[in-house]
Amino acid sequence: MNAPLMDPAAVLRRAERLPRYTSYPTANHFTPEVTAEDYAAWLGLLPEDAALSLYLHVPFCDSLCWYCACSTKATKRYAPIAAYLERLEAEVAKVAARVPAGHGVRHLHWGGGSPDILTAQDIRRLGATLAGAFRLAPDLEFAIEVDPRLMTGEKADSLVGVGVNRISVGVQDFDPQVQRAIGRMQSFDVTRDAVGMFRERGVRSINMDLVYGLPHQTEVTLMQTLEQVLELMPDRIALFGYAHLPQRAHNQRLIDERVLPDALARYAMSQRLARALVAAGYAPRGIDHFARADDALATAPLNRNFQGYTTDAAEHLIGLGASAIGKLPQGYVQNAVGAREYMEAIDRGDLATARGFALTDDDRLHAFVIERLMCDFDISTDAVRDAFGTRAAAHVQDEIEAVLGEDGDGIVERTIDGLRMTVRGRPFVRSICARFDAYLNPEPGVVRHSMAI
Ligand SMILES: C[S@@+](CC[C@H](N)C(=O)[O-])C[C@H]1O[C@@H](n2cnc3c(N)ncnc32)[C@H](O)[C@@H]1O
Ligand code: SF4
């Protein structure tokens, strides 16, 4: 990861607005042509012993952070959360009734929003509902996204009681000036205490989210945040580039754009932090994850899903809750995005599917190429041939030649059977993925994606 830095002109050339490629095609191409009936039919085709991953979305937070691009809303009242939970449990029952009896769930992820906004009692109730509806594997990996400001010993007890064995804690930045400028006040002590509550109860896998590119951040302030984060010894760190899309996430209009770091500052920050993390013993994985040497993510084959990078290779991802996305061999399905529309769909007695995407063979081929690039920084035409046949491999080889021919910045290089990102080119991998994206069609004046650095 200690790559030579790119020269500023090359960085600026590559600082395009591009998808994060957590799926291919990306979610903005999903359409209402894929319906709840399609989803029901696809669930009906699952193999008898299907290995499943479940993602469950809780779209509520205590207050809305100004930078947040997640699908969530703030509430100080519990009634909307209780009403949502009822529908979520109804959806669990409907989906579970459609999966084959011999299935097994290997991965369970509660995301949000802030799933730890649920009361301890409701955490136990939801945990019991899932355990009663699905066959959870004995070695289940059960992760939850945690807002440390909401955590209590009682909630930690209930989370560990229902089987949580991984937590992901939102930190972003500890600098008070940055925190004021992003509408998220969170002390180091609150974060340390939340982490401690899980460690005391035996949770051994702790991730922390940091964000670079926020207002007022500098390399110096970020290094101070990192020093504090390292005191807490997280097993994994996700270092996200701030995605500023105020046209879509209206809360981001509260962010003062005049104090946002520019593309060159973002690049310098991300590289400085990456070097510091490597020096501290973390292995870089993909574009934005870091793992301690003893964590599975440090060495296991990487996959990319809607949560980012994962060791989960499940072919069958089931999304539960508002806005949740599922992936089956036939394609993607997404539930109604707003909590109200989601609840109405469930009350009508349907599955809550609002849109999706049915994959073609060409989509599967390019999804494979893009996922390998995002995860391994490499495409092997031998691997393409094994998975998709000779014609597909020849097609990808032609595309590779075009990409190699265009590269004036030294970000890609030829390999014996394909192409790989050079070490200094890795931060710009999204711009190479975009070359294999048949759907990328920038519309003038429409900003859909975040800066690719
Ligand atoms: C669901 S939240 C994490 C859990 C909890 N709600 C919290 O904030 O502590 C998911 C993560 O997405 C990241 N995130 C949210 N909005 C972002 C944005 N606009 N750009 C980059 N990362 C963002 C943050 O790092 C955040 O921790
Ligand atoms: S960052 Fe977390 S706590 Fe803040 S609004 Fe987003 S989901 Fe909620």
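Readers should treat all values here as calculations from the given coordinates under stated rules, not as data from a laboratory. All values derive from a computational prediction rather than experimental measurement. Glycine gets a Cβ as well: all are built from the backbone with ideal geometry, and neighbour counts include every protein chain shown.
Which one, Ala137, Phe290, Val211, is farthest towards the positive end of the dipole of segment 31-320 when Lys and Arg carry +1 and Asp and Glu -1 on their Cβ?
Going by the charge dipole, the pick is Val211.
Over segment 313-453, consider all pairs of different Cα atoms and compute the Kirkwood hydrodynamic radius from their mean reciprocal separation; express it in Å, one decimal. Intermediate results must be reported in sequence, preceding the final value.
On the way: mean 1/r = 0.0579 Å⁻¹.
One over the average 1/r among Cα pairs gives 17.3 Å for segment 313-453.
Starting from the Cα-Cα distance between Arg204 and Ala394, subtract it from 0.36 nm times their residue separation and give me the gain in nm to one decimal.
Additional length available on full extension: 63.9 nm.
Can you work out the PRE-style zone for Asp7? Point 7 Å along Cα to Cβ, and I want the residues of segment 387-431 with backbone N under 17 Å.
In segment 387-431, the label zone of Asp7 (backbone N under 17 Å from the point 7 Å along Cα→Cβ) covers 407-412, 424-425.
Hey, if you put +1 on the Cβ of every Lys and Arg and -1 on every Asp and Glu Cβ in segment 13-140, which of Thr72, Val95, Thr35 ends up farthest toward the positive end of that dipole?
Thr72
Compute for segment 112-200: radius of gyration divided by Kirkwood radius, i.e. Rg/Rh, restricted to C-alpha atoms, rounded to two decimals.
With Rh from the inverse mean 1/r over Cα pairs, Rg/Rh is 1.03.
From the phi angles alone, apply the Karplus equation (6.51, -1.76, 1.60; θ = phi - 60°) to segment 225-241 and give each ³J(HN,Hα) in whole Hz, x where the residue is Gly or Pro.
4, 4, 4, 5, 4, 5, 4, 8, 6, x, 6, 9, 9, 9, 10, 8, x
Would you report the distance distribution of C-alpha pairs in segment 53-210 as whole percents per 10 angstrom bin, up to the bin with the largest distance?
10, 40, 35, 13, 2, 0
Determine, for each peptide in 397-407, 356-366, the mean count of other beta carbons within 10 angstrom over its residues, then list the peptides with the highest first. Show your work: numbers first, answer last.
Details: 397-407: 13.4, 356-366: 17.9.
Going by the mean number of other Cβ atoms within 10 Å, highest first, we get 356-366, 397-407.
Out of the DSSP beta bridges found with both residues in segment 31-320, what percent are antiparallel (nearest 5)?
So the antiparallel bridges in segment 31-320 amount to around 20 percent.
Run the dipole for the chain about the Cα centre, Lys and Arg Cβ at +1, Asp and Glu Cβ at -1, nothing else charged, and hand back the magnitude in debye, nearest 20. Don't skip to the answer; put the middle values down first.
Numbers: 48 positive and 59 negative charges, 170 e Å.
Dipole of the chain, to the nearest 20 debye: 820 debye.
With the convex hull built on the Cα atoms of segment 198-345, state its orientation-averaged projected area in nm². Spell out each step's value before the answer.
Working: hull surface 47.0 nm².
Its average projected convex-hull area is 11.8 nm².
Per q in 0.23, 0.26 Å⁻¹, report the Debye log10 I(q)/I(0) for segment 311-369, using one uniform scatterer on each alpha carbon and no solvent.
With one equal scatterer per Cα and no solvent, log10 I(q)/I(0) is -0.89, -1.01.
So what are the chain's ellipsoid semi-axes, whole angstrom, largest first, if each one is the square root of 5 times an eigenvalue of the alpha-carbon gyration tensor? Intermediate values should be presented prior to the final figure.
Values: eigenvalues 208, 167, 88 Å².
With the √(5λ) rule applied to the chain, the semi-axes are 32, 29, 21 Å.
Please report the relative contact order for the chain, taking Cα pairs under 8 Å with a sequence separation of at least 6, and give it as a percent rounded to a whole number.
Relative contact order comes out at 22 percent.
Taking the Cα centre of each part, how many Å lie between segment 193-210 and segment 395-413?
After rounding, the separation between the Cα centres reads 43 Å.
Could you tell me how far the Cα centroid of segment 91-129 sits from the Cα centroid of segment 1-59, in Å?
Cα centroid of segment 1-59 versus Cα centroid of segment 91-129: 22 Å apart.
Quick check: convex hull over the Cα atoms of segment 274-327, volume per residue in Å³, rounded to an integer?
Convex hull of Cα atoms, per residue: 92 Å³.
Find the percent of Cα-Cα distances in segment 273-363 that exceed 23 Å, and round it to a whole number.
45
Once all Cα-Cα distances of segment 196-276 are split into 5 Å bins that start at 0, what whole-number percent is in each one?
P(r) over segment 196-276, rounded to whole percents: 3, 13, 22, 20, 15, 12, 10, 4, 1.
Taking Rh as the Kirkwood radius, which is the inverse of the mean 1/r over Cα pairs, what is the Rg/Rh value for segment 79-133?
0.98
Work out, step by step, the length gained on full extension between Val278 and Asp378: first 0.36 nm times the residue separation, then minus their alpha carbon distance; give nm to one decimal.
Numbers: separation 100, 0.36 × 100 = 36.00 nm, distance 2.09 nm.
Gain in length upon complete extension: 33.9 nm.
Using a basic spin-label model with each label point 7 Å from the Cα along Cα→Cβ, how many nm lie between Arg248 and Leu264?
2.9
Report the Cys residues of the chain lacking a disulfide-compatible partner, meaning no second Cys Cβ under 4.7 Å from their Cβ.
Within the chain, the cysteines lacking a partner Cβ under 4.7 Å are Cys61, Cys70, Cys375, Cys433.
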